[in-house]
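The structure under discussion appears below in the form of structure tokens.
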Amino acid sequence: MKKRSMLMLAALMLVLSAFLAACSGGGEKAGTKDKEKEKDKPASGETADKPQDGGTLVYALDSAPEGKFNFSFYGTAADSEVMDFFDENLIKFDDKLQAQPHIASWKTEDNKVYDFEIKKGVKWHNGDELSVKDWEFALKVVADKDYEGPRFENVVNIVGAQDYHDGKAQEISGIKIVDDYNIQITFDKARVNNLENLWTYPMNRSEFKGLAVKDMMSSEQVRTKPVGLGPFKVTKIVPGESVEMERFDEYFGGKPHMDKVVLKVIDPSLSVGELKNGTLDMTSFHPSIIEEVKKLDNVEAVTYPGLSYYYVGFRLGTWDGSKNVMNEQKYQNIKLREAMYYAINREEWVKAFFFGVGKPVNRPVPTNHWIAADNKDLEQFEYNPEKAKQLLDEAGYKDVDGDGFREDPNGKKFVVNFSHYATQNPTFESRAKALTQYWEEVGLKTKLTMTDANLYYDMLEKADKSMEVFFGGWSTGTDPDPTPLWSSKALWNYPRWVNADSDKLLDQAIDMSVVGTDVDKRKQFYVDWQKLFMKELPALPIAELEETMAVSNRVQDVKFSVAGMNRPNEWWIKK
């Protein structure tokens, strides 16, 4: 490695040491994430003591929520953290990430027609009893032509959903209400993961009555007065600052022990001090402060298996409102993308910025998912700046004017316009600058733009032309199927990658007529898809992380697994 790069990273480490009190996981994108009660790994404060009632939990958010507090509309991890306290999924997942009954149970003989039954007496926070009509309402909202969120992929496979979306039908023909507690849903064909991919978050019909779908995302029902099914109910929201909740005594999963929960945005540089002083009980934190958290006597630093990964994406096209169109030329040359991958010293970068809880990843699937391809089956793209330079030469990117930076094959100035999200975490800009340094060392002039995290993903979803090369992070769901993120019709396919072979492999992997119940056969389709992805490189997988959480010793019975935390009604505060 060149001396200037080593000096650069040494300087960055000095910067980081000055900010060891700073932490944030903000800016990461929430995917099809679903945190539910799992086979539990004992964690902070677990005790044989009898649970005590009362007390207030103070939970820090490491970045300001976007404020879309409804599962049908949210898009960021911070919003998801808030909603996990006050709303509920109809199904849950076991320790192998397999769907299990929760509020809803189901029967199917063919993986095409599902008969669901929900529990009786499940209450919304406004006193309404949950009905399957609330679920139907949510499915119709997500399928509506005016719906602007990213979940249409989770309903499109229901018979009639596309016609409803296109205005050709007044109802979704594949949804049949039997009574208030029973509903039948028919999919267009049998798939292995029809259930896992189905949208299973109801919306309270009376709260949204009379409100047009186009107005829902900005409504008070979503932004400031959300109503859920969860263990705590929202009492006050200060946008961008805090969310206060109180115990919901009629929670179907059992009366919570704690009286209140306060979630507040805390400057990351203050979180260690607040943990130490006992004014903060729980927070996820950036790995940069893990040693500082470990030193606290009154707090446990918990790490547990993660389902997230980071990547560098390329803007290869646009979003036309219903599908991706790969019509942007600047980064279409695969050798250019390969060169930018070989230029990154991922081992060094991960060690510098993730402090022992991360590792390089060589595929767009976290290792903890059972479909993850073995590294021996994939090109590793290990750090090789000389190979990067060779590829750039072969692709026609050469320094024509002698300024030390390469022009494009037409002899015109070439600049990598690189975007990264910005929060209060100072390490984010440092890690972004490190990537620009790697590319500049192989002769690619790079310009970095830091964009506020809450604007960043809106710009990506709208395929903003300024987002040419961008840093992203996905927290993936319990279902490992990459279709919602990488199919040609996926809104969250931010590179706008369109590939018929990719779509075919993803379709075959979930088609019952192709794979049946053969798990190994299904995995092979996903392995072949990962090989294709790493050949085409619409994005460069960079790193995967363990999850990190700080939990005060006074908070008891918080448990962790690969799918997240147990439900907060089980937590209690030791007095």
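The values are calculated or read from the model by the stated rules, or taken from the named source; none is laboratory data. Given the structure is predicted, the values throughout are model-derived calculations rather than measurements. In this analysis, Cβ positions are derived from the backbone assuming ideal geometry, glycine residues included, and neighbour counts consider all displayed protein chains. When the accessible area is computed, the model is the full protein with side chains, heavy atoms only, and any ligands, DNA or RNA have been set aside. Shrake-Rupley method; radii C 1.70, N 1.55, O 1.52, S 1.80 Å.
DSSP finds beta bridges in the stretch 370-464, and of those with both partners inside it, around 20 percent are antiparallel. Pairs of Lys residues in the stretch 449-575 are counted when their Cα atoms are under 24 angstrom apart and they lie 8 or more places apart or on different chains; the count is 16.
Across the chain, the mean sequence separation of Cα contacts (distance under 8 Å, 6 or more residues apart), normalised by length, yields a relative contact order of 25 percent. Between amide H atoms placed 1.01 Å from N, distances below 5 Å from Lys359 occur with Glu544, all of them 5 or more places distant or on a separate chain. Which percent of the accessible area of the chain is formed by carbon and sulfur heavy atoms (probe 1.4 angstrom)? Its accessible area is 47 percent carbon and sulfur atoms.
Across every direction, the projection of the convex hull enclosing the Cα atoms of the stretch 217-273 has a mean area of 5.2 nm². Principal axis analysis of the Cα atoms in the chain yields extents of 74, 59, 43 Å, listed in decreasing size. Of all DSSP-defined beta bridges confined to the chain, some 75% are antiparallel rather than parallel. Taken over the C-alpha atoms, the stretch 277-406 has Rg and Dmax values of 20.2, 61 angstrom. Largest first, the residues Glu109, Glu546 sort by 1.4 Å accessible area into Glu109, Glu546. P(r) for the stretch 189-239, from all Cα pairs and a bin width of 10 Å, is 20, 39, 27, 13, 2 %, short bins first.
Within the shell of other residues whose beta carbon sits under 12 angstrom from the beta carbon of Asp180, the net charge comes to -2, with Lys and Arg scored +1 and Asp and Glu -1. With the convex hull drawn around the C-alpha atoms of the stretch 246-285, the volume per residue stands at 86 Å³.
Legend: distances between Cα atoms for Lys96/Lys260; Lys389/Lys433; Lys133/Lys236; Lys68/Lys120; pairs beyond 30 Å are Lys96/Lys260.
Determine the shape class of the stretch 78-159: with a ≥ b ≥ c the square roots of the Cα gyration tensor eigenvalues, call it rounded for a/c under 1.5, and otherwise prolate if a/b is greater than b/c, oblate otherwise. Since a/c stays below 1.5, the shape of the stretch 78-159 is classed as rounded. Dimensions of the stretch 376-474 from C-alpha coordinates, computed as largest minus smallest value along each principal axis and given longest first, are 39, 38, 26 Å.
For the stretch 421-487, the solvent-accessible area works out to 30 Å² per residue, with a probe of 1.4 Å and every protein chain left in place.
Note: the stretch 399-537, Cα convex hull, 144 Å³ per residue.
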